[in-house]
Amino acid sequence: MLAVIDIGTSHLKLAVFHECHCVDTIERKNVTYQPNPGSQEQNPVQILADVKGMFYEANKKWSITKILFSSQMHSFILTTATGEVIQPSLIWSDQRASKLGVQFQQSALADKIYHQTGTPIHAMSPFIKAYYYKQKEPKQFGNPNLRMMGIKTYLIWQLTGEFVIDIPTASTSGMMNLQTKNWDKTILSLLGMTPNQLPKIVSSLMPLQMVEIGSHNRQVLIYPGSTDGALANYAYEALTTKQLLLSFGTSGAIRYLSEKPHLSSANDLFCYLVADNDPYLIGGALNNMGNILANTYQNPDVNQTMSFEDMLSVMVASNFPPNHFIYLPYQYGERAPFWNSELTVQCIGNWHNASSHDKLQAIFAGIFYQVRLLLDKIHEQFFHNGGRPLLVNGKIFQHPTVCQKVATILNYPIQPLTMGDASLIGGYRLLTHQEIPVSQADRVFYPVKEQVDVYTQQYQQFKQNAYHQDRRVKDKLTMESSDK
């Protein structure tokens with residue numbers, strides 16, 4: 001029996017597989033702490049204890065001999081040479097390096113680093129977090145006994161004694177050279193680090209012996225695996241080499257798979273590895289998705305009595321033409337295509353006099369106008385869909401009225417997918433090279449032709465205001481940086 005363990009930002013999941021079937025799942029909540037405004041930390045020691053606990057629980061029922069890891073793409077931990085935690089795990093949304101990330105985008109090195117690593121310059125990146133810490137704690141960061149890693153490396157180190165990271169996860173750090181598959185020399189020099197302070201980059205399927213952590217008496221091999229986003233697309237590989245996939249969760253992304261690397265001329269799309277050599281995962285991440293819906297549901301200014309389902313129904317009601325309010329949904333800054341953590345919410349129109357229904361519909365449209373911005377960017381540079389629909393994955397797409405509204409806002413046909421937890425299934429496929437059937441909805445939702453022009457006009461207003469805010473913020477931070 002084999003297991004796939006996914007270390008996500010909100011949950012830890014273990015799935016047991018037997019002959020292409022998932023026979024058991026175990027889940028734990030992954031707690032994020034905010035010791036200071038803008039901080040987003042997780043406790044690696046607690047995560048290790050939870051992973052061990054999930055293994056104990058599964059091992060009582062199943063004879064597990066292999067474990068493959070899926071993990072969040074961007075995390076940052078500092079320890080001593082013996083593994084004592086100095087800086088707990090910073091997840092992608094930690095904002096301490098926010099201004100530095102935007103300022104570094106304007107530097108002479110930004111273009112070179114993006115094209116060497118495939119990772120856009122942004123505060124999510126472990127590279128930018130490391131650069132921030134070097135400036136904040138230069139003495140500590142210059143200590144040769146310091147070790148820097150992500151959460152997966154920390155877990156594997158504690159479980160096997162091996163200080164390693166797989167090629168795919170290293171490719172999301174902003175520090176691995178995509179051509180050499182080694183830590184980039186320019187970045188090591190900039191940080192004043194040596195390769196010994198970073199984990200050794202190894203194959204995603206390199207077997208590592210797990211040390212004894214329970215009463216089991218069988219050999220258990222651990223495989224470093226890949227990242228959650230990469231494996232989610234890999235689960236759908238036959239589809240997502242020809243079609244774009246929108247994943248809609250707390251945050252989201254639009255991604256596709258390619259046999260060759262695609263690097264954006266504007267440095268605004270990521271290019272990561274899924275496995276050791278190919279395919280490549282191309283696309284962009286979106287910060288403001290299901291989290292905005294959740295926050296709106298809890299906001300008494302727009303919702304006092306409705307259930308979440310009722311609120312969603314109001315958001316996608318067939319009112320036409322749409323109201324004239326425009327909502328830039330940047331509660332959490334934004335990644336693609338701006339890569340600007342300093343963007344903020346902007347309400348355009350006489351918002352104070354708007355009804356709660358008007359606000360709800362403007363918020364929903366704003367979320368998907370941002371999706372449309374990223375779709376446009378991907379199509380401009382790389383991907384030609386050939387008339388194929390956008391694949392969509394997420395609970396909200398279980399509602400036909402949501403699918404219809406989204407297709408019209410995007411002016412793009414969409415097709416829902418269902419496949420349990422795609423990252424876990426992609427991990428199983430990576431380890432075994434066996435396919436698990438994908439459930440693809442028969443129905444494709446097409447834009448309502450009579451409404452497309454009006455939504456497109458409003459989208460153009462959204463786009464103009466979004467790019468204006470992005471430019472204004474970046475110009476301001478560039479001036480602040482030059483004044484220092």
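Here are the numbers for this structure:
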{"quantity": "Failed item, numbered, when Arg388 is tested on (1) touching a Pro at 6+ places or on another chain (Cβ under 7 Å); (2) more than 14 Å from Ala253 (Cβ to Cβ)", "calculated": "(1)"}
{"quantity": "Condition met for Ile414 (within 30 Å of Ala275 (Cα to Cα), open to solvent by 20 Å² or more (accessible area, probe 1.4 Å) and touching a helix residue (DSSP H, G or I) at 6+ places or on another chain (Cβ under 6 Å))", "calculated": "no"}
{"quantity": "Yes/no for Lys52 being under 21 Å from Trp157 (Cα atoms), open to solvent by 50 Å² or more (accessible area, probe 1.4 Å) and not hydroxyl-bearing (Ser, Thr, Tyr)", "calculated": "yes"}
{"quantity": "Sole exception among (1) open to solvent by 40 Å² or more (accessible area, probe 1.4 Å); (2) modelled with pLDDT under 95 for Asn43, by number", "calculated": "(2)"}
{"quantity": "Gln87 being in contact with an Asp or Glu (Cβ under 7 Å, 6 or more places away or on another chain), surrounded by 14 or more Cβ atoms within 10 Å (Cβ to Cβ) and under 30 Å from Lys129 (Cβ atoms)", "calculated": "no"}
{"quantity": "In the stretch 288-300, the residues that are open to solvent by 10 Å² or more (accessible area, probe 1.4 Å) and among the aliphatic types (A, V, I, L, M)", "calculated": "Ala294"}
{"quantity": "Those residues of the stretch 227-270 which are touching a Leu at 6+ places or on another chain (Cβ under 7 Å) and of a type in the set (Gly, Ala, Ser), in sequence order", "calculated": "Gly229, Ala230, Ser251, Gly252, Ala253"}
{"quantity": "Selection from the stretch 1-22 of residues that are open to solvent by 60 Å² or more (accessible area, probe 1.4 Å) and assigned to a strand (DSSP E or B)", "calculated": "His11, His18, His21, Cys22"}
{"quantity": "Top-ranked residue of the stretch 156-168 - restricted to ones that are in contact with a helix residue (DSSP H, G or I) (Cβ under 7 Å, 6 or more places away or on another chain) and farther than 25 Å from Glu259 by Cβ, ranked as least open to solvent (accessible area, probe 1.4 Å)", "calculated": "Val164"}
{"quantity": "Selection status of Phe76, open to solvent by less than 10 Å² (accessible area, probe 1.4 Å) and part of a helix (DSSP H, G or I)", "calculated": "no"}
{"quantity": "Residue pairs meeting the criteria (Cβ under 8 Å; at least 6 apart or on separate chains; first at pLDDT below 95, in the stretch 425-454; second of a type in the set (D, E, K, R))", "calculated": "Glu435/Arg429; Ile436/Arg429"}
{"quantity": "Residue match in the stretch 351-358 (condition: among the hydroxyl-bearing types (Ser, Thr, Tyr) and surrounded by fewer than 21 Cβ atoms within 10 Å (Cβ to Cβ))", "calculated": "yes"}
{"quantity": "Inter-residue pairs, beta-carbon under 8 Å, first touching a residue at least 60 places away in the same chain (Cβ under 8 Å) and in the stretch 107-131, second among the basic types (Lys, Arg), 6+ apart", "calculated": "Pro120/Arg335; His122/Arg335; Ala123/Arg96; Ala123/Lys129; Met124/Arg335"}
{"quantity": "Lone qualifier among Asn303, Asn340 - being surrounded by 22 or more Cβ atoms within 10 Å (Cβ to Cβ) and over 26 Å from Gly426 (Cβ atoms)", "calculated": "Asn340"}
{"quantity": "First in the stretch 77-93 and over 11 Å from Gln42 (Cβ atoms), second anywhere and open to solvent by 40 Å² or more (accessible area, probe 1.4 Å) and β-branched (Val, Ile, Thr), Cβ under 6 Å, 6 or more apart", "calculated": "Leu78/Ile86; Thr79/Val85; Thr79/Ile86"}
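Matching residues to (1) open to solvent by 50 Å² or more (accessible area, probe 1.4 Å); (2) in contact with a Leu (Cβ under 6 Å, 6 or more places away or on another chain); (3) more than 26 Å from Trp339 (Cβ to Cβ); (4) hydrophobic (A, V, I, L, M, F, W, C):
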position: Ala110; (1), (2), (3), (4): no, no, no, yes
position: Gln116; (1), (2), (3), (4): no, no, no, no
position: Phe127; (1), (2), (3), (4): no, no, no, yes
position: Asn145; (1), (2), (3), (4): yes, no, yes, no
position: Gly150; (1), (2), (3), (4): no, no, no, no
position: Tyr154; (1), (2), (3), (4): no, no, yes, no
position: Ala170; (1), (2), (3), (4): no, no, no, yes
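The values are calculated or read from the model by the stated rules, or taken from the named source; none is laboratory data. For clarity, every value in this text was computed on a predicted model and none was experimentally measured. FYI the Cβ positions are ideal-geometry reconstructions off the backbone, even for glycines, and counts take in every protein chain you see. Surface areas here come from the heavy atoms of the whole protein model, side chains and all, with no ligands, DNA or RNA. Shrake-Rupley method; radii C 1.70, N 1.55, O 1.52, S 1.80 Å.
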